[in-house]
Every structure is written in structure tokens, then in C-alpha cells.
Amino acid sequence: MDVNVAEAAASALAGLGVGLTAALSFRWSEKDRKKSVKRIDVQPEPELPPGVDTVLSVLRSCAVVLDDSDQVIKASSAAYALGLVRGGAIAVDEMLAMARLTRRDGEIRQADLDIPRGGGKLNGDPLAVSVRVAPLGSRLVLVLVEDLTEARRIEAVRRDFVANVSHELKTPVGALSLLSEAVQDASDDPEAVRRFAGRMLIEATRLTSLVQEIIELSRVQDDERLTDAEPVAVDELVAEAMDRCRHQAAAKQITMAAGGIAGLRLHGNRGQLAAALGNLVENAVNYSPARTRVAIAARKVPGSKVETVEISVTDQGTGISERDRERIFERFYRVDPARSRATGGTGLGLSIVKHVAASHGGTVSVWSVEGQGSTFTLRLPTTPRGDSARDRTPFADPADSDTDGEYETAGDHETDSDHDGDADPGAVPAHLPAHLPAPEVQP
């Protein structure tokens, strides 16, 4: 009996040892199998070819490199700024589709796209971009994106400008052609010849004025730093502007008054400043009823960095509506086209004023109430501008000012205002004196 028990115990122990050995062997083999599988599944991350990273860092275009799973492994800061990359992936579906097709067939693709700003929902105007996709090695795809938005905007402005110039030149040229035919047909009627010749002189003067203003605008519209600046006395600019409009003012019995201008000096291009102030005074006279008053006031305004001089031209005309105030500094825009034709206006005067102010580091603004009149104010530094026109503050949208009825501009054709229709019709802008100065010069 004892022998049988001993044999059973020995057998049990032997079986237990065999079982433990088998279990341990199974676990070891399972671990080895998992390690081998893991080694097979985990592949090294794709690397950029030598030198590509350096090339991408100096490109002006936005650059994005995708791997074979459409994940971004390299993207320039400009790509993130435009919202092209988000969460490690391309945020624009059209670009992603182009990348997949290029990975599939290896062909280089290029397309012009309009994409939402920030890669999200469309807010405002979309971005106009040129996209070029090319294979980069066997597993990578390179996406280059060039922002064409500003170039498209400039091209549109130039196209509109050419169209407007063509239209404006066609009117007086056509009139001269018709009048010359009329003179030829009325050669035996001296009175008719004199009448038609007078009309030809008016149209020729209008054409000359238009060409001169186009030339002047072409000189100042780039808003570049002045290279021929000099000290300019404000009283001399005002006297020149008033002399320019003396005949028109006398014909309408309009009194021109100037005050506060003695001793003030600016630093800038004398010819440009005289043209800008002359345009403002001429507009005030042309858009004022007979037997009213046009006042020119100036004052020095201390500033934290630089002192400025404010020159304000105030009329008692019909005023300017809110809708028109948003656009009066655009090229060829006229509040009243019929009156502009009657006075020989070209629609370029205020645009020239805007660019002259910008090139001098200043601004021009308008305050107006319909039926009460308008005030245009030039704010110009008394010392040479120290920064280039490219570094000045961008021009705001017309809905961002804090002065009722006042629009300000210092650059392209954008303006500042926050006119909500609640302006006091009798209110006077803070930058103007409460009482107009006594007339110093009048026709």
C-alpha cells in the first residue's frame, strides 16, 4: 500500500513538472511571437530627403509634406498661418484630393483655388491660392501653396482704373469730335462758330484737367517715402489754395476765410501738399450754394511721438450722405455726377488728397451732416516721417471709427467711421474751433 502511494505521488509530481514546463514554454513562445509581429508592424517614420528641409525653409510659398497615410510630417509656419494645416492633417479637401491622386500616379498637378480664410467657414472674401502638388520620393508628397489674394486685388484695381480712365477720356474726346464737326458745318455762321468754339474750350480744359490729375495720381498712389521733402509754411499753402479758387468763389459770391495758420510749418513735398489742399478748397467752393462761406482753419496738435498740424476746410453745402462718405475717396467716385460734369470735376481730387496724406504719414477725414455742410481735415506731421509707407497702420473698415459722421482714410480707398445716424445736426467736430475765424482773405 505504501509503495503504491509513493508511486502515485511521484507520478503526480512528474506530471506537475511537465505541465509547468509546457506552460512556461508556451508563454515564452507567445512573447517571442508578439515581439516578432510588433517588429513587422512597426515601420520607421518616413524621413525627408537630405536638403529638402533647408529648401522648404527658404521658399516664399507655403509648404506641406504628407506621408503615405496623409499625415503632415513637415509644414511651414505660413501654412499654419493660412489655416491650411490643422490637427496634423491638411484642412482643405481639394488639396488633399490632389495629393492622393499624385501619390497614386506620380504626376505633378497644379490648380488655382478659392479657399475659406483659416480653412474653416467662409468669413469675408476667400483666399485665392495657386496649389502645386508633386511626389517627393516614393512615399512622400509635397504641396506648395502661393497666396495670390493681394495680387488679384491689385489686378482688379488696375483693371477698374483702366476701364474708368477710358470712360472718362472718351467723354471729352467725343465731345470735341462732335463740336469740331459742328464748327465745320457752321463755317458760314460766325455766331455759331463762336458758340461751338467756347464749348470746345470747355471740353479741352476738362480733358487737360483729367490728364493732369491722372498724372498726379500716378505719382502719389504708391504712398512711398518722400525723397524731396522740405519745410513748407501752412499760410503759403492756404493762400495758394484760395487763389486757385478765387474766380469760382467770386462767381458764386462765396466768402473764403482763413485763420489760425500763421507760424505753422509742415515737412513735405510742397507741390503735393498744395495740390491736396487746393482740391479740398475747390470741392468746398464747387459744392457750396451761392452767398455762403468756406472756412480754412489750422492748428498744431501735440502728440506723444510727433506733433501734427490739422488743416480743416469747412463749407455750408448740401452735406454728404453716410453711404457716399464710405466711398468718396475712391477713384472716379462722384457724389453728384451731374454737378461734377457741370463744374468740370474728374472724381480724382479726393483720391489724390488721400494718397498725398498717406505719403506724408498723415490722414484725411471727413465730417458731414446732410443739409448742414462738410468738414475735411488733413492731419500731417510737422517733422519728417521716420517710417516707410509700408509700415504704417493698415486702414480700417468704414465701420470701425468712434466719431459719428466722420470718415478717415490714410491709404488705399478704405475709410474709418461709425456713423449710426444719431449725430447731432448742429454738432461741430472736436478738431474744429467753436467759431470760425474772421475772414482774412476773400474775393
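None of the figures in this text is laboratory data; all of them are computed from the coordinates on show. These figures come from a predicted structure and were not determined experimentally. In this analysis, Cβ positions are derived from the backbone assuming ideal geometry, glycine residues included, and neighbour counts consider all displayed protein chains.
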Expressed in Å to one decimal, the Kirkwood Rh of the range 234-298 from all distinct alpha-carbon pairs is 12.0
Quote the FRET efficiency, to the nearest 0.05, computed for R265 versus K305 with a Förster distance R0 of 22 Å and r equal to the Cβ-Cβ distance.
0.75
Need one number: nm distance between label points at Y80 and D67, each 7 Å from Cα along Cα→Cβ, rounded to one decimal.
1.9
Compute the orientation-averaged projected area for the range 154-220 from the convex hull of its Cα atoms and round it to one decimal in nm².
4.7
Using a 7 Å offset from the Cα along the Cα-to-Cβ direction at both D114 and S57, what is the distance between the two label points in nm, to one decimal?
3.8
Cut-off 13 Å (backbone N to label point 7 Å along Cα→Cβ of T255), residues of the range 276-292
291-292
For the range 154-220, what relative contact order do you get, as a whole percent, if you take Cα pairs closer than 8 Å and at least 6 residues apart?
33
